[in-house]
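Asks: This structure is in C-alpha cells; I'll ask about it shortly.
Each value in this text was obtained by applying a stated rule to the coordinates, not by laboratory testing. Everything numeric in this text was worked out from a predicted model, so none of it was measured. Backbone-built Cβ (ideal geometry, glycine too); neighbour counts: all protein chains shown.
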Amino acid sequence: MSGEREFVAVIDFGAQYGQLIARRIREARVYCRLFPSTVEAEELRQLRPGGIVLTGGPASVYEPGAPTLDPEILELGVPVLGICYGMQLLAHLLGGRVAPGERREYGRVELEVLEEERPGEPGLLSGFGPRLTVWMSHGDLVLEPPPGFRVLARTPATPVAAMEDSCRRLYGVQFHPEVAHTPRGREILARFLFAICGFEPAWTPGSFVEEAVEKVRREAGEGRALSALSGGVDSTVASVLVHRAIGERLTCLLVDHGLLREGEAEEVLEILRELGLQVELRREEERFFGRLGGVRDPEEKRRIVGEEFGRVFEEFSRERGPFDFLVQGTLYPDVIESGPGQAAVIKTHHNVGGLPPGLPFRLLEPLRDLFKDEVREVGRLLGIPEEILWRHPFPGPGLAVRCLGEVTREKIALLRRAEAIVEEETRRAGLYRSLWQAFPVLLEDRTVGVMGDARVYGWTLAVRAVESEDGMTADWARLPYELLERLAARLTREIPGVTRVVYDVTSKPPATIEWE
C-alpha cells in the first residue's frame, strides 16, 4: 500500500465500544480515524482509506430513522469489516435478512467456526480452529446472508455469527473482537488489517512526530504562532511540536485565570522555559472572576472561560503580534465529547466549542487525532519531563467546574487547598501515577457538623478518583480505606468550613469524570 498516510476509516453508528475499536487498531500500529455514519462516499474516496470498519450501535437496522450508510461506500473497492450492528447493516443493505432474535445473546459465547483453512487465501477466521470463544451483545441477528456471502461461523442462537464475500472483500462478525472478553479478538482484527487490507504496522509515536512537524511546517509557512499554554501535557506537547517545526516564530502564552491549582503558574513557567520555549505569563484573575460572578450553569461557565481566553489571546496578539496561528492542545476525546457531526454534546471543551467567533487566528492542532496515552508517548520522545507528562488532566475552566453553583473567591481558595491535599496524599500513597485523575469537588449545599462541641453548618467536599486509559471510559478507583481516612481527616481539619467528605463511586459511563 502507498499514500500520504495509510489509515482505517472507522464509521461510528453510536457504538458502546466505538472508541475501543479505534484504540485496538492503533495498538496494532495502524492509524485510524472515526467518522460519523453520515460520512459520504466521495469524502472517503478523496481520503483514500486502506480499510473501513463499521461499528456496532444500539438501533435496529430495519427501524425507520436507524443510522445507515452511503451505499456507494461499499463500492469503493476497499475492504470493509462490519461489527455487530455493522454486520447487520451490511446484510440489510445488500439483500440479506435481519430480524429480532428469539432471545438476546449477551456475554461469552462459543462459536462453531465453519470456515476451513485455505492456504494462500486470507479468510477472516481460517486457521482459528473449530471453536472460538467470543463476546456477544445483540438482540437482532442476521437470519440469511446477502447473495455472494458465505457463513463463516454460527452459534445455537445465531445462524450467521460471521460472514464474508471475499470477492468484494466485505466481512462481518456479530461478536465484538475489540473487547478483552473475546480472547483472540486482536488476532481477528490483525487478520483483517494485515492479511486482508495489506497494512504494515508502521504507525508509531516516532512516525507521528515526523509527520506532525512536517505538517505544521506546511500549514504555518512563514507565519507566526501563539500557543495557548496551560502547563498540562496536551498543550505542552503541542507547543514543543510546533516549536520544533517553526522555532522562534512560536510564542507561548500562559494565562493565570485565578482558577489554577496551588502554585501551578510559577511551577509551569519554570519547567517550560527550561524546555527552550518562549513563554509569557498574563495574570487575569480579576477579568475571569468578574465574568463568572453569579453564573451557576456549568456550560455557561465553560463558554465564558473559553470566550475570555480567546479575548486575552486577541489582545496579546495586538500588543505583541500579529500572530497568524493559535496553537491548541486539542485531543480526540475533546472533539468527541464536544459533539462532532450528529453526536451528542457531552460537555463543551473550551478549546473545541468554547472559543469566540471572529478571532484573527487560524488554528494549529497537531494532537487533534490522538488519545491521551498516545500524547504521553509522543511527549516522552520529545524529552518532556515526567512531572509534566504524568500531571493529572485539568479542565480548561479550572476549578470553576469543580465548584458547583456560583464561583466565588472564597470557594476557589477552599478548593485550591483541597486539591493540594488530595494530590499530596495520593502521591504519598504511591498511587498518583496509576490514577487517571484524583480531585475534590465542592458541593453547593452545606451540611451540619460538630466541631469543638458546637454545631456548625459547613461545606461538603466530594473526592473523585478514577482509573482510565484514555478518558473516554473510566472506572472509579478502589482507594485504600486508610487513604480515604487520611483524606477525610485532613480536609476537615485543615480547611476551615469543611464539615463533610464523601467519595464518588460512579464510573464513566454513566457519569462523566468531571462533575460539571
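Asks: Using a cut-off of under 11 Å, list every residue of the range 288-310 whose amide N is near the label point 7 Å from the Cα of Leu359 along the Cα-to-beta-carbon line.
Replies: Within reach of a label on Leu359, which here means backbone N under 11 Å from a point 7 Å along Cα→Cβ, the range 288-310 contributes 306-310.
Asks: Can I ask one more? Let me know the number of lysine pairs in the chain closer than 21 Å at the Cα, not counting same-chain pairs under 8 apart.
Replies: 6
Asks: Right, another one. Is the shape of the range 1-95 best called rounded, prolate or oblate, per the rule: a/c under 1.5 gives rounded, else a/b larger than b/c gives prolate, else oblate, with a ≥ b ≥ c the square roots of the Cα gyration tensor eigenvalues?
Replies: Note, shape of the range 1-95 comes out oblate.
Asks: Something else now. What is the distance, in nm, between label points placed 7 Å from the Cα along the Cα-to-Cβ direction at Arg150 and at Arg97?
Replies: 2.2 nm
Asks: Suppose each label sits 7 Å from its Cα in the direction of the beta carbon; what would the Val295-Thr38 distance come out to in nanometres?
Replies: 2.8 nm
Asks: I'd like the Karplus ³J(HN,Hα) series for the range 159-170: coefficients 6.51, -1.76, 1.60, θ = phi - 60°, whole numbers in Hz, and an x wherever there's a Gly or Pro.
Replies: 3J(HN,Hα) across the range 159-170, in whole Hz: x, 10, 8, 7, 8, 8, 10, 5, 5, 8, 6, 10.
Asks: Another one. Treat each spin label as a single point 7 Å out from the Cα along the C-beta direction, and report the Cys167 to Arg283 distance in nm.
Replies: Rounded to a tenth, the inter-label distance reads 7.5 nm.
Asks: Assuming 0.36 nm per residue, please report the length gained on full extension of the stretch Leu114 to Ala420 beyond their Cα-Cα distance.
Replies: Stretched fully, the Leu114-Ala420 segment lengthens by 104.2 nm.
Asks: Could you work out the equivalent-ellipsoid semi-axes for the range 7-196, taking the square root of 5 times each eigenvalue of the Cα gyration tensor, largest first, in whole Å?
Replies: 22, 19, 16
Asks: Between the range 23-71 and the range 154-211, how far is it from one alpha carbon centroid to the other, in angstrom?
Replies: The range 23-71 and the range 154-211 have Cα centres separated by 14 Å.
Asks: Measure nothing fancy, just the Cα-based angle from helix 264-274's long axis to the longest principal axis of the chain, in degrees from 0 to 90, nearest 10.
Replies: It works out to around 70 degrees.
Asks: DSSP beta bridges in the chain, what fraction antiparallel, as a percent rounded to 5?
Replies: Percentage antiparallel, nearest 5: 50.
Asks: Hey, another quick one. Can you compute the helix-only [θ] at 222 nm over the chain? Use -39500 (n - 2.57) per DSSP H run of at least 4 residues, normalise by all residues, nearest 500 deg cm²/dmol.
Replies: Estimated from H runs of four or more residues: -9500 deg cm²/dmol.
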